[in-house]
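*Asks:* First the structure, which I've put down as structure tokens, then a few questions once you've had a look.
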Amino acid sequence: MRTEDDGHLTAADRTKLDNQQNHLSNRIYDDKHNTDTAHYGNGEIGGRRENQQDRIAQGVKSGQLTAGETAKLENQQQGINREVRADRQANGGKLTGLDRKSINQSENRASKNIYRDKHNARTRG
């Protein structure tokens, strides 16, 4: 946006960015508070999930992540959340060793994507 207006943000640009950040903030809040009902737990799976969300939120706050990157990362996290939910439903509320392994592999991929998007070399406006 700044590159289009000699390094400055217009009032419309600021409004658009504020709206995007507010929307993302609300999604993050909802995601964090859904853990109470989703039963991700306080173990490794729940801890990794919260860590990933915190890393995404920090990337948004610092400007390292664009709205598009953030949406893509959030969608990836939602997919992992669905995987956890489905695995728990299939096994009476518990995760098997294979389930944990699969979820950890998914979280590893998500972690790499977060790192890549936060540290990409393109110029930010």
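The values are calculated or read from the model by the stated rules, or taken from the named source; none is laboratory data. Small disclaimer: the values here were computed from a predicted structure and weren't measured. FYI the Cβ positions are ideal-geometry reconstructions off the backbone, even for glycines, and counts take in every protein chain you see. Side chains included, ligands, DNA and RNA excluded: accessible areas come from the protein's heavy atoms. Shrake-Rupley method; radii C 1.70, N 1.55, O 1.52, S 1.80 Å.
*Asks:* With respect to the numbered conditions (1) modelled with pLDDT of 90 or more; (2) open to solvent by 60 Å² or more (accessible area, probe 1.4 Å); (3) closer than 19 Å to ARG109 by Cα, which one is the sole condition not fulfilled by GLU44?
*Replies:* So GLU44 meets the others, but not (1).
*Asks:* Regarding LYS94, is this residue in a loop (DSSP other than H, G, I, E, B) and farther than 14 Å from ILE28 by Cα? Break it down stepwise before answering.
*Replies:* Working: in a loop (DSSP other than H, G, I, E, B): yes; farther than 14 Å from ILE28 by Cα: yes.
So LYS94 passes the test.
*Asks:* A further question follows. Taking region 65-97 only, how many residues are open to solvent by less than 50 Å² (accessible area, probe 1.4 Å), touching a Leu at 6+ places or on another chain (Cβ under 9 Å), in contact (Cβ under 8 Å) with a residue 12 or more places away in the chain and of a type in the set (A, V, I, L, M, F, W, C)?
*Replies:* 3
*Asks:* Here's a check for you: in region 1-33, which residue that is among the hydroxyl-bearing types (Ser, Thr, Tyr) and within 25 Å of ARG85 (Cα to Cα) is most open to solvent (accessible area, probe 1.4 Å)? So that I can check it myself, show each step before the final result.
*Replies:* Within region 1-33, the subset among the hydroxyl-bearing types (Ser, Thr, Tyr) is 3, 10, 15, 25, 29.
With the extra rule that they be within 25 Å of ARG85 (Cα to Cα), the set shrinks to 25, 29.
Values: SER25: 66, TYR29: 129 Å².
The qualifying residue most open to solvent (accessible area, probe 1.4 Å) is TYR29.
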